[in-house]
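J.: The structure under discussion is supplied below as structure tokens; questions concerning it will follow.
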Amino acid sequence: MPRQLFVHGYLNLDDRKISKSLGNVIDPLDLIGEYGVDAVRFWCARAVSFGQDGDVTLESVRERYERELGNDLGNLLSRTTAMIARYRNGSLTVPGGGVSPELAAAADELREAIPDAIGRFDITNALERIWEHVRSLNRLVEQSKPWELAKDDARAAELDRVLYELADGLRVVAVALAAYVPDTAARILEALGQPDDVAWEGVAAGRTVAVEGIEPAQPLFPRIDAPATA
């Protein structure tokens, strides 16, 4: 006999139940055609808690796409790779002593927290924990100011460490996100010159390997100017 039943909630469109009689239907294939399959997968996991009803609007899909995927994650990868290319001619080196204890602890916590949340079918909260890590990496950029470090030759080692920590953090994020946005995870690893390995053990700090030839990454989620269609 089954021990568990998986019962999903309902999607409402603008606070109204989606139904054929009302004709208020959004074709998921239209959304995929405009935003891409990874973005739609992300929105489903991010905006609707498993087992609960959720409200869908085209504005909410676009907002998640632009603010979180485009700005939080996409810009982080673009800035990191561009700085490695500009300040270190595309070379990423492993600093002595590894990454900071704070980043190492954050990666360890992520590695433990995500399986626990998914084990409780809390898919949305698991993704939120990953996004907290993305935000922390963006804060690292603003706080460390690599563009200022690059002006001072005496702080070269500090710059190398910051650039490595950003790249390493992005690698950790890519592995953690692979189940949600597999194509995007692979593109992040490729942009950083890292092996296409998303084994869960990779959610750990300091495993990014030294590499040459990193170039500014193309936008993960390009801006979409045309309005979405239902």
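J.: Output the Kirkwood hydrodynamic radius of the stretch 101-146, Cα pairs only, in Å rounded to one decimal. Write down the numbers at each step before the final one.
T.: Values: mean 1/r = 0.0883 Å⁻¹.
That comes to 11.3 Å for the stretch 101-146.
J.: So what J values fall out for the stretch 7-15 if you push phi through Karplus, 6.51 cos²θ - 1.76 cosθ + 1.60 with θ = phi - 60°, rounded to Hz, Gly and Pro as x?
T.: Calculated HN-Hα couplings, in order: 10, 7, x, 10, 9, 10, 10, 6, 6 Hz.
J.: Quick one: what are the phi-derived ³J(HN,Hα) couplings along the stretch 129-139, Karplus 6.51/-1.76/1.60 with θ = phi - 60°, whole Hz, x for glycine and proline?
T.: Taking θ as phi minus 60°, the curve returns 4, 5, 5, 4, 5, 4, 5, 5, 5, 5, 5 Hz for the stretch 129-139.
J.: Treating cross-link reach as a plain straight distance, find the aspartates and glutamates whose alpha-carbon is under 18 Å from the alpha-carbon of LYS151, omitting any fewer than eight places away in the same chain.
T.: GLU142, ASP160
J.: Roughly how many whole Å is it from the C-alpha centroid of the stretch 4-31 to that of the stretch 63-106?
T.: Here the answer is 37 Å between Cα centres.
J.: Specify the longest stretch of the chain that does not include any exposed loop site, a site being one of the trypsin sites (Lys or Arg not before Pro) with a non-H, G, I, E, B DSSP assignment and at most 12 other Cβ atoms within 10 Å.
T.: Within the chain, the longest run free of exposed trypsin sites (Lys or Arg not before Pro) spans 21-119.
J.: I would also like to ask the following. How high is the FRET efficiency between GLU112 and LYS20 when r is their beta carbon distance and R₀ equals 45 Å, given to the nearest 0.05?
T.: Numbers: r = 44 Å, r/R0 = 0.99.
Efficiency, rounded to the nearest 0.05: 0.50.
J.: Same structure, new question: Given the DSSP H assignment, sum -39500 (n - 2.57) over each helix run of at least 4 residues in the chain and divide by its residue total; what's the result at 222 nm in deg cm²/dmol, nearest 500? Numbers along the way, then the final one.
T.: Working: 9 runs with 117 residues, N = 230.
Taken over the chain, the calculation gives -16000 deg cm²/dmol.
J.: Here's another thing I want to ask about it. Which of these values of percent of Cα pairs over 21 Å apart was calculated from the structure shown: (i) 56; (ii) 59; (iii) 69?
T.: (ii)
J.: Let me ask something else. What are the aspartates and glutamates whose alpha-carbon lies under 13 Å from the alpha-carbon of LYS17, with same-chain residues fewer than 8 places away excluded?
T.: Counting by Cα, and skipping residues close in sequence, LYS17 has these aspartates and glutamates nearby: ASP53, ASP55.
J.: What percent do you get for the relative contact order of the stretch 9-218 when only Cα pairs under 8 Å and 6+ apart count? Before the final figure, lay out each step's value.
T.: Details: 260 pairs, mean separation 59.2, N = 210.
Relative contact order for the stretch 9-218 comes out at 28 percent.
J.: How high is the relative contact order of the stretch 104-230, given as a whole-number percent (alpha carbon pairs under 8 Å, six or more residues apart)?
T.: Working: 107 pairs, mean separation 32.0, N = 127.
Dividing the mean separation by the residue count of the stretch 104-230 yields 25 percent.
Each reported figure results from applying straightforward, stated rules to the coordinates on display, with no laboratory input. Computed from a prediction, not measured in an experiment: that's the story for all the values here. Heads up, the Cβs are rebuilt from the backbone with ideal geometry, glycines too, and the neighbour counts pull from every protein chain shown.
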